[in-house]
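Take a look at the structure set out below.
The values are calculated or read from the model by the stated rules, or taken from the named source; none is laboratory data. Remember, predicted model here, so these are calculated numbers, not experimental data. In this analysis, Cβ positions are derived from the backbone assuming ideal geometry, glycine residues included, and neighbour counts consider all displayed protein chains.
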Amino acid sequence: MSDTTPPPAASAGHNHDHGSGGPWAGRAEIIFSLASGAFLLAGWAWGRTQGDGATGPLILLLLAYAAGGFFTVREAIENLRHRELKIDSLMIVAAAGAAVLGQWAEGALLLFLFSLGHALENYAMGRARRAIEALAALRPETALVRRGDQLVDVSVNDLVIGDVVVVKPDERVAADGFVVLGESSIDQAAITGESVPVDKRPVVDVAEARQRPDAVGPEHRVFAGTINQGKVLEVEVTRLASQSTLARVVELVRSAEHQKSPTQLFTDRFQKIFVPAVLVLVGLLLFAGLVVDEPFSATFYRAMAVLVAASPCALAISTPSAVLSGVARAARGGVLIKGGGPLERLGVLHALAFDKTGTLTEGRPQVTDVMPADGVTTQELLSVAIAVERLSDHPLAAAVVRDGLVRLGSHAVPEATDLESLTGRGLKATVAGETVHLGKKSLFDELGGAAVPAALKTRVLDLEHQGRTVFVVRQGDRYLGAVGLMDTPREAAKAVMARLRELGMTRLVMLSGDNQRVADAVAASVGIDRAYGDLMPEDKVKAIQALRAEGEVAMVGDGVNDAPALASASVGIAMGAAGSDVALETADVALMGDKLEHLPFVVGLSRQTRRIIRQNLWASLGMVALLIPATILGMKMGVAVLFHEGSTLLVVANALRLLAYRDSA
C-alpha cells in the first residue's frame, strides 16, 4: 500500500470528485458557490430598482450562472464523455431552460443552491472520510534506529525487517514488531480499540521470536501508530511500513467505502429506471399545452421545475453516506468492517455462532494434569509432547510448551520434525526417529494399531467429565500417557451474551472441536443456548449452513482455525485480528483487539446504520413523491430547489450521527 493519501473518493450521490484537486477543489467549490449567491443577490436587488430588461442586473445574474454552474458543467461534461446521464446534467438542462424563458434569477438560484448543496455535502462527507484518513496519519514519518552504538533518524519507509527502533515516552511506534528491551505501557486504542494502555515487556527468546513473529504473545508485540506511555522501549521490526497492521487497516477501510451494500445496489438499479422515467415525464409535460390552455412558456417552466423536483440526489447519497459513516465509526472503535454488505447483514442477524478456545475462553489454557502411562516417566511424556507442540501455533500447544517447560525444569527436550496437522483431531510428527501421534482419544481409534490402554482411557474420561481438554500421546505403538488442560471462560463473556440478547439476538450457539462435556460446561457458564462439541472443521461448516437456513448468522472465531466456518457464515467475525494477515483476509469483520466486549458495539452500530439507511430512504423517496405533484400543480422552481437540496443535506446530516455512536450498555 502506498503511504500517500489519495484524494477523497466521490460522493456517491453527486459524484463530485473534481479531478485531483483534493482539498483545494473542495474549498474552490464553496468559494464559487458563495460568489454565485452574492452575484444573484446583487442582481436581484438591482433588478428590483431598475426594472425588467436592465443590462446591469442581467450581467450580475450571468456571473451568478457562471460561478454556480462551473463545477456542475465540468462534471456533466465528464459524465457525458463516459456516456452517463447523471443528476448534474439534469440540473444544467433545468437551468438552461430557465434562461431560455428569461427566468434568469430562478435559474441562477437553482445553480447557486445546487452548487452550495454539493459543497456542503462534500464537506460533511469529508468528515467521515477524515475519520478514516486520520488512521493513516497515526504513523510517524521518521524512526530512531539503533545502528551499532549510534542512534540514527531514518525515514519509516526505509525501515527493514530486523531493525531495532528506539521508542521514547509519548512517541508513536513507527513499525510493527516485538519488544527486545525495556518495559512500558502502550496506548493501542487506535488499532485495537482498547481504552486502557497495555503493558509490554521484552520477549524471552529473541531468536525464536524472529523465526515466528506472528506467534509472539500480545504482551511483547507492538503496532505502528500506537503510543508509548511509559519508559523507553527498543522494538525489533517484523513488518515493512507498507505491510504493517495499520497500513493494512487503512487500505481495507478505504476499499470498504467502494464495496456497495445490498440497499445501495437496489438504489442504483432504481435510479437507472427512475431517471429515464423522469425524462419521459418531462417530455410529456412539454405537450401539456395540447390539453391545458396555457402558453408554452408556462408549460416549459413547469417541466423544468418537475425535472428539478424529481432528481434523486438525496436517494443517491442516502445509503453510501450512512455506510461510510458506519465503517469510519467502527474503525475508530477498533473494528474493521469490509464494506456496506457485512455492515448491513450484521444488522439483521438472528443467530451468532462462537468458537470456544480464545473466543469465549481466555485463550490461555493451563496444564492441569499430566498422566504418564504405566512404565513411563512424567519427564518422558512431557518432553515428547513439548517437542511436538513447539511446532504448532494452536493456543493449547503454547500452553503445553509454557507449563510443560516449567514442570520439566532442566530436563532436555528432543527435536521434533515433519509436523503434520491432522485437522480437528491432533498432530503427527517425528521424534527420535519414531512417529509420534498426539490428539483426542478418538484419533487413535481411526489410526488403528495398539488401542489406548484401558486404565489410561478411564482416567481420560474422568478428566473430560470434569471439563478438561485432554490429549493422548503415542510414540510408535507405545502410549506415553495423556495431558489435561483447562481454559477459563472470559470474564466479560456472560455480560456480552446478555447485551447481545438485548440487541435482539435470538440464538447464541457455540461450535467446538473439544469434547461435548467441555463444550457444555463452558456454554453453561457464559449463557450460551446450545453447545456443539466434537466438531471437525467440516462439521462446523454444516452447523453454520443449518443455522443459515433459518436466517442470517455470524460466526465469531480467530480467523485461522475457523476459516471455513467464517467463510460459510453470512458474516465472518475474527477476534484479535491485529497483526494477523489470515484473520484480516478471511473475515468480513475484524475485531482488532482481543476484546469480546467489542461485539455488542459493532452489532449495535450495524443495527443503528440500518435504521438510518431506512430513515434516509423514506425521507428521500418521500420528498420526491411530494415535490413531483407539487411542481406539476404549480410550485415555483426556486421553492422546489430549496426542498430538493434541503432533503439531500438532511440525509447526509442524519448519516453523520453514526460518527458519534456509542453502545448504550
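Report whether or not Glu84 is modelled with pLDDT under 85, surrounded by fewer than 19 Cβ atoms within 10 Å (Cβ to Cβ), closer than 28 Å to Leu265 by Cβ and assigned by TED's automatic domain parsing to the domain that holds Ser318. Outline the logic, then answer.
Details: modelled with pLDDT under 85: yes; surrounded by fewer than 19 Cβ atoms within 10 Å (Cβ to Cβ): yes; closer than 28 Å to Leu265 by Cβ: yes; assigned by TED's automatic domain parsing to the domain that holds Ser318: yes.
Judged against the criteria, Glu84 is a match.
Filter the stretch 55-72 for residues that are closer than 18 Å to Glu106 by Cβ and surrounded by fewer than 19 Cβ atoms within 10 Å (Cβ to Cβ); which is modelled with the lowest pLDDT? Reasoning before the result, please.
So the first thing to find is which residues in the stretch 55-72 are closer than 18 Å to Glu106 by Cβ, and the list is 57-69, 72.
With the extra rule that they be surrounded by fewer than 19 Cβ atoms within 10 Å (Cβ to Cβ), the set shrinks to 58-59, 62-63, 66.
Values: Leu58: 86, Ile59: 90, Leu62: 90, Leu63: 92, Ala66: 90.
Filtering first and then ranking leaves Leu58.
From the list Ala493, Ala451, pick out the single residue that is free of Cβ contacts under 8 Å to residues at least 12 places away in the same chain, of a type in the set (A, V, I, L, M, F, W, C) and touching a helix residue (DSSP H, G or I) at 6+ places or on another chain (Cβ under 8 Å). Before you say what the answer is, go through the steps one by one.
Working: Ala493 fails: free of Cβ contacts under 8 Å to residues at least 12 places away in the same chain.
Step by step, each of Ala493, Ala451 is checked, and only Ala451 is free of Cβ contacts under 8 Å to residues at least 12 places away in the same chain, of a type in the set (A, V, I, L, M, F, W, C) and touching a helix residue (DSSP H, G or I) at 6+ places or on another chain (Cβ under 8 Å).
Here are some residues: Glu420, Glu344. Which one is within 23 Å of Ser568 (Cα to Cα) and acidic (Asp, Glu)?
Working: Glu420 fails: within 23 Å of Ser568 (Cα to Cα).
Exactly one residue qualifies, and that residue is Glu344.
Find all pairs meeting these conditions: Cβ atoms under 8 angstrom apart; at least six residues apart or on different chains; first residue within the stretch 88-102 and among the polar types (S, T, N, Q); second residue modelled with pLDDT of 80 or more.
Here the result reads none, with nothing in the stretch 88-102 linked to a residue that is modelled with pLDDT of 80 or more.
Residue-wise test of (1) among the small types (Gly, Ala, Ser); (2) surrounded by 18 or more Cβ atoms within 10 Å (Cβ to Cβ).
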| position | (1), (2) |
| --- | --- |
| Met575 | no, yes |
| Leu605 | no, yes |
| Arg611 | no, no |
| Gln615 | no, no |
| Ser647 | yes, yes |
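So that you can scan it fast, the table gives a plain yes or no per residue for (1) at pLDDT 85 or above; (2) closer than 30 Å to Ser620 by Cβ; (3) assigned by TED's automatic domain parsing to the domain that holds Val165; (4) touching a Leu at 6+ places or on another chain (Cβ under 6 Å):
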{"site": "Val216", "(1), (2), (3), (4)": "no, no, yes, no"}
{"site": "Lys231", "(1), (2), (3), (4)": "yes, no, yes, no"}
{"site": "Arg239", "(1), (2), (3), (4)": "yes, no, yes, no"}
{"site": "Arg269", "(1), (2), (3), (4)": "no, yes, no, no"}
{"site": "Lys272", "(1), (2), (3), (4)": "no, yes, no, no"}
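Per-residue answers, yes or no, for (1) surrounded by 15 or more Cβ atoms within 10 Å (Cβ to Cβ); (2) in contact with a Leu (Cβ under 9 Å, 6 or more places away or on another chain); (3) part of a helix (DSSP H, G or I); (4) at pLDDT below 85:
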| site | (1), (2), (3), (4) |
| --- | --- |
| Ser2 | no, no, no, yes |
| Thr5 | no, no, no, yes |
| Gly13 | yes, yes, no, yes |
| Ser20 | no, no, no, yes |
| Arg27 | no, no, yes, yes |
| Ile30 | yes, yes, yes, yes |
| Gly53 | no, no, no, yes |
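Surrounded by fewer than 18 Cβ atoms within 10 Å (Cβ to Cβ), at pLDDT below 80 and either in a loop (DSSP other than H, G, I, E, B) or not hydroxyl-bearing (Ser, Thr, Tyr) (or both) - does that describe any residue in the stretch 299-319?
no
Just name the residue that is surrounded by the fewest Cβ atoms within 10 Å (Cβ to Cβ) out of those in the stretch 143-158 that are in contact with a strand residue (DSSP E or B) (Cβ under 6 Å, 6 or more places away or on another chain) and within 16 Å of Gly177 (Cα to Cα).
So, considering only residues that are in contact with a strand residue (DSSP E or B) (Cβ under 6 Å, 6 or more places away or on another chain) and within 16 Å of Gly177 (Cα to Cα), the one surrounded by the fewest Cβ atoms within 10 Å (Cβ to Cβ) is Arg146.
So which residues in the stretch 170-201 are charged (D, E, K, R), in a strand (DSSP E or B) and farther than 18 Å from Ala241 by Cβ, if there are any at all?
Residues of the stretch 170-201 that are charged (D, E, K, R), as a first pass: 170-172, 176, 183, 187, 194, 199-201.
Going one step further and asking which of them are in a strand (DSSP E or B), we end up with 172, 187, 199-200.
Hits for the stretch 170-201 are Asp187, Asp199, Lys200.
Counting only residues that are assigned to a loop (DSSP other than H, G, I, E, B) and under 24 Å from Arg212 (Cβ atoms), which one in the stretch 579-594 is modelled with the lowest pLDDT?
Step one: of the stretch 579-594, the residues assigned to a loop (DSSP other than H, G, I, E, B) are 579-580, 587-588, 592-594.
Cutting the leftovers down to under 24 Å from Arg212 (Cβ atoms) gives us 579-580, 587, 592-594.
Numbers: Gly579: 59, Ser580: 64, Ala587: 80, Met592: 81, Gly593: 79, Asp594: 78.
Once the filter is applied, the top-ranked residue is Gly579.
When only residues in the stretch 464-501 that are over 21 Å from Arg402 (Cα atoms) and in contact with a Pro (Cβ under 8 Å, 6 or more places away or on another chain) count, which is surrounded by the most Cβ atoms within 10 Å (Cβ to Cβ)?
Tyr479
Being assigned to a loop (DSSP other than H, G, I, E, B), over 27 Å from Ala521 (Cβ atoms) and touching a residue at least 60 places away in the same chain (Cβ under 8 Å) is the filter here, so list the residues in the stretch 357-388 that pass it. It would help to see each step written out before you state the result.
Our first condition is that a residue be assigned to a loop (DSSP other than H, G, I, E, B); within the stretch 357-388, this holds for 362-365, 373-377.
Checking the rest, the ones that are also over 27 Å from Ala521 (Cβ atoms) come to 374-377.
The answer is Asp374, Val376.
What pairs come out if I take residues in the stretch 627-654 that are not assigned by TED's automatic domain parsing to the domain that holds Ser115 and pair them with residues that are part of a helix (DSSP H, G or I) and modelled with pLDDT of 85 or more whose C-beta lies under 7 Å away, six or more apart or interchain?
Going by the 7 Å Cβ cut-off, there are no qualifying pairs.
Any chance the stretch 537-551 includes a residue that's among the charged types (D, E, K, R) and surrounded by 20 or more Cβ atoms within 10 Å (Cβ to Cβ)?
Filtering the stretch 537-551 for residues among the charged types (D, E, K, R) gives 538-540, 542, 548, 550.
Now drop any that are not surrounded by 20 or more Cβ atoms within 10 Å (Cβ to Cβ), which leaves 540.
Yes, there is a match, as at least one residue in the stretch 537-551 is among the charged types (D, E, K, R) and surrounded by 20 or more Cβ atoms within 10 Å (Cβ to Cβ).
Wholly within the stretch 202-286, which helices (runs of 4 or more DSSP H) include no fewer than the required count, namely at least 2 residues that are touching a residue at least 12 places away in the same chain (Cβ under 8 Å) and touching a Cys at 6+ places or on another chain (Cβ under 9 Å)? Even if it seems obvious, please write down each step before you answer.
Numbers: elements: 206-211, 245-257, 262-285.
Hits in the stretch 202-286: none.
Looking at Ser442, Ser421, Ser410, which one is assigned to a loop (DSSP other than H, G, I, E, B) and not hydrophobic (A, V, I, L, M, F, W, C)? Even if it seems obvious, please write down each step before you answer.
Details: Ser442 fails: assigned to a loop (DSSP other than H, G, I, E, B); Ser421 fails: assigned to a loop (DSSP other than H, G, I, E, B).
Answer to the selection: Ser410.
Taking interchain pairs and intrachain pairs at least six residues apart, which have beta carbon atoms under 7 angstrom, with the first residue in the stretch 334-354 and more than 21 Å from Arg614 (Cα to Cα) and the second of a type in the set (Ser, Thr, Tyr) and not in a strand (DSSP E or B)?
Gly334/Thr192; Ala351/Thr506
Against the definition (out of contact with any helix residue (DSSP H, G or I) (no Cβ under 9 Å at 6 or more places or on another chain) and either in the same structural domain as Val93 (by TED's automatic domain parsing) or assigned to a helix (DSSP H, G or I) (or both)), how does Glu344 come out, yes or no? Give the steps one after another, and end with the answer.
On the way: out of contact with any helix residue (DSSP H, G or I) (no Cβ under 9 Å at 6 or more places or on another chain): no; either in the same structural domain as Val93 (by TED's automatic domain parsing) or assigned to a helix (DSSP H, G or I) (or both): yes.
The answer is no for Glu344.
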